[in-house]
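Worksheet: the structure to be examined is printed underneath.
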Amino acid sequence: MDFAKLYRPTRFNSWQFIAFTGLIMSGGAELILRFLVARPLPVGYGWLYVCWAALFVVGSLVNLFGKPASAGHHHH
């Protein structure tokens, strides 16, 4: 089992990459709202992190335990 698929972005599948990007962007937006704009966060903003984490876990399970894509029909 290749655990690099859990922490190395070059080994992420698309679900993991979307979740990772979402976590970074949500964190950046929170910092901007808290410190630059000085506005309170919208109600339920913390649930974004839960959703991104859940998506990352699902993507990780698919990446670790999913079967590799078959070569398919390829012409040379």
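Restricting attention to segment 19-68, the residues that are in contact with a Lys or Arg (Cβ under 6 Å, 6 or more places away or on another chain) and farther than 17 Å from residue 9 by Cα total 1. Segment 1-67 holds helices (runs of 4 or more DSSP H) entirely within its bounds, and those carrying 3 or more residues that are within 9 Å of the chain's Cα centre (by Cα), at pLDDT 95 or above and surrounded by 11 or more Cβ atoms within 10 Å (Cβ to Cβ) map to 14-31, 47-65. All conditions in (1) hydroxyl-bearing (Ser, Thr, Tyr); (2) more than 15 Å from residue 63 (Cα to Cα); (3) touching a residue at least 12 places away in the same chain (Cβ under 8 Å) hold for residue 14, with the sole exception of (2).
The values are calculated or read from the model by the stated rules, or taken from the named source; none is laboratory data. Everything numeric in this text was worked out from a predicted model, so none of it was measured. Note: ideal-geometry Cβ built from the backbone for every residue, glycine included; neighbour counts use all protein chains shown.
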